[in-house]
1. I need the shape label for segment 169-265. Rule: rounded when a/c is under 1.5, else prolate if a/b > b/c, else oblate, with a, b, c from the alpha carbon gyration tensor.
2. If you average the alpha carbon positions of segment 101-144 and of segment 147-162, how far apart do those two centres end up, in angstrom?
3. In whole Hz and in residue order, list the ³J(HN,Hα) couplings for segment 83-93 that follow from phi through the Karplus curve 6.51 cos²θ - 1.76 cosθ + 1.60, θ = phi - 60°; x for Gly and Pro.
4. With contacts defined as alpha carbon pairs under 8 Å and 6 or more residues apart, what's the relative contact order of segment 25-262 in percent?
5. Computed from these coordinates, which is Rg/Rh (Cα atoms, Kirkwood Rh): (1) 1.03; (2) 1.10; (3) 0.98?
Amino acid sequence: MKKIFLSTIALSLLLISPIMGNEEKELTGDELMSKSNQAFYYAGKDGSSDVEMTIRDAQGGTRTRSMTILRRNEGENQKYYVYFRSPADVRRMAYLVWKNVKGDDDRWLFLPALNLERRIAPGDKRTSFVGSDFFYEDVSGRNLTDDTHELVETTDEYYVVSNKPKVPNSVEFAEYKVWLDKTTFIPMRSEYYDKNGKLYRTVESKKVEEIDGYYTVMEAVASDLITGSSTVNSFSNVRYNLDLNANIFSQRFLRRPPREVTSRK
């Protein structure tokens, strides 16, 4: 009987061990934010989209912006080119980003009304993007090495990650929390807290679609909870893997837009 009992235990352990070994390891905050960054900013080897931006103030007044965004991945680094189509006061404005994951990004803005090409200082990346509630940094993403990342909650739908700046005085927030979809790793909601722990800003992904095999945010909303203003970015004509020419993403095209944006309908 003793031999039979021991054999039964051994067999049970053999059956249980594979199950335990296949348990999914819980991802760390660093791993989750890396996956999210890849899903949100690096889909395909390059991409393009048209954007209709609607800025709404606290009194209900609205302003609009129409633009085209081109992106090219260069290993871990990226380049972005944003061309403004309308209204008249921003038409032909261009914004260029060279994203450097191991250092500060390089950013330029061309203002046609002033015939001025302006370099955007690293300290200005968390300021308003063309008068909207999105920041310059929102366009190409925040460098993951600038923050610490901690998984603070897991729900049926989301991973909730707390992100805190390594250099607190370098940014206006003390912490931001992001809700990542557990299937797509797309950030569905981000909440920004000031140094007193008060929530003052949110960014939400309102619509997500699968395009060419990539989950893509088709509508995003940034809200300033202090001023009461909000901005909606609606994306259309999204395309991936276009083999965009690297020359597009150079300073010479700030003043002379490439056909890749002028020929879009």
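All of the numbers you see were taken from the coordinates with simple rules; none came from a lab. Computed from a predicted model, the values in this text were never measured in an experiment.
1. prolate
2. 28 Å
3. Here the 3J(HN,Hα) series is 10, 8, 9, 7, x, 4, 6, 10, 4, 6, 5 Hz.
4. Values: 517 pairs, mean separation 51.8, N = 238.
Answer for segment 25-262 is 22 percent.
5. Computing Rg/Rh (Cα atoms, Kirkwood Rh) and matching it to (1) 1.03; (2) 1.10; (3) 0.98 gives (2).
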